[in-house]
1. Would you mind getting me the FRET efficiency between PHE268 and ASN60? Use the beta-carbon distance for r and R0 = 41 Å, nearest 0.05.
2. What does the charge dipole of region 174-298 about its Cα centre add up to, to the nearest 20 debye, if the Cβ of each Lys and Arg holds +1 and the Cβ of each Asp and Glu holds -1?
3. So what's the gap between the Cα centers of region 182-256 and region 78-138, to the nearest angstrom?
4. Taking the Cα centre of region 217-285 as the origin and placing charges on Cβ (Lys, Arg +1; Asp, Glu -1), which of ASN244, ALA234, SER276 is farthest toward the positive end of the dipole?
5. In nm, to one decimal, how far is the modelled label at PHE149 from the one at ASN252, with both set 7 Å along Cα→Cβ?
6. Taking only protein heavy atoms and a 1.4 Å probe, what accessible area per residue, in Å², does region 143-278 have with all protein chains in place?
7. For ILE198, ILE110, what's the largest-to-smallest order of accessible area, 1.4 Å probe?
8. Report the local net charge at LYS80: Lys and Arg +1, Asp and Glu -1, summed over other residues whose C-beta lies under 12 Å from its C-beta.
Amino acid sequence: MIFQIPRKSFIILGILAFVIAVGALYINYFVPELKFGRINVISPYKSEAKILSERIADLNSFQVEGDLQVDSSVFGAGLKNINSNIFSLIDITNNKFKIDLSSFLRFNAISKKTYTLSSEIKRSNSEVFYLRFSKADIAPEVLVFIESFLNSWLRVDKNLMAEILAEEQGYDFSEEQFLEALRNSFKTISLFDLTRKISENHYSFNIGQKNLAEFLGNLFGDLSGQPFSSDELAAVEDSFYGFNINGEVWVNSTDGLPEKIKLNWNDFVTADLRFSKYNQVTSIKPPAKAVPLEKLLQ
């Protein structure tokens, strides 16, 4: 005898199954506080993530400002964390990297003492970059190393950087090649997943070890001309075991680019950054006077 479910019971069971499924999806995407029992599903925002990634790949310049915190307790030296307030112009037009960065650093010691230091970096061409430290209120044992050039611009020439990089095996590509490969990787591989739509143009995102391994595999495979094998990708993924960056991104409705990002990297680095002035003409000028770093190293 064939067992048959009454039609009415079948309809009720179907409705219950539908309600449970919808409720689970709602919790997964819109109620981040309810972590117990959450399910992993494929993000429905893959097309939005791809578009955002492609627009990032086509960037030429932008301004970024905000706050960055690093848990420095893992390094010892009596430090608890480092807080930095940053303001920077970044220009990668024609795949040539230029930057004008100012940062104010606060070093919070376990002893509850706080030290401060201002730093600046300028790079207006590929031949040289400049570095300056100022407003230093830091531990005496650290101050002794920088007080001789405090408040003065230091010039780091390309030949000195070439000597340093020559010691790194496998460094056989140019800056232009690297930035072009980086752009191609953003267009090809999904570095991040948009996991939830919190509100209009506001998403949560995640960068896991698998995302990062595939992205780096594509990037350095492109640079070397030898695509990574599945075994090599698995080895890269294993090397980033436990790696995870999650956060939130606010996308500008006009140009489709990020206007604000909050992120957390394994509770080691947290950041709250604001972006503006996309693809505008930048003016990054070198300082009028600077001391060659080689002189200080002699």
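1. Approximately 0.85, to the nearest 0.05.
2. 680 debye
3. 26 Å
4. SER276
5. It is 3.6 nm.
6. Counting only protein heavy atoms, the per-residue value for region 143-278 is 58 Å².
7. Most to least solvent-accessible, the answer reads ILE110, ILE198.
8. Summing Lys/Arg as +1 and Asp/Glu as -1 gives +2.
The values are calculated or read from the model by the stated rules, or taken from the named source; none is laboratory data. Because the structure is a prediction, the values reported are computed rather than measured. Glycine gets a Cβ as well: all are built from the backbone with ideal geometry, and neighbour counts include every protein chain shown. Ligands, DNA and RNA are stripped out before the accessible areas are found, and what is left, the full protein with its side chains, is counted by its heavy atoms. Shrake-Rupley method; radii C 1.70, N 1.55, O 1.52, S 1.80 Å.
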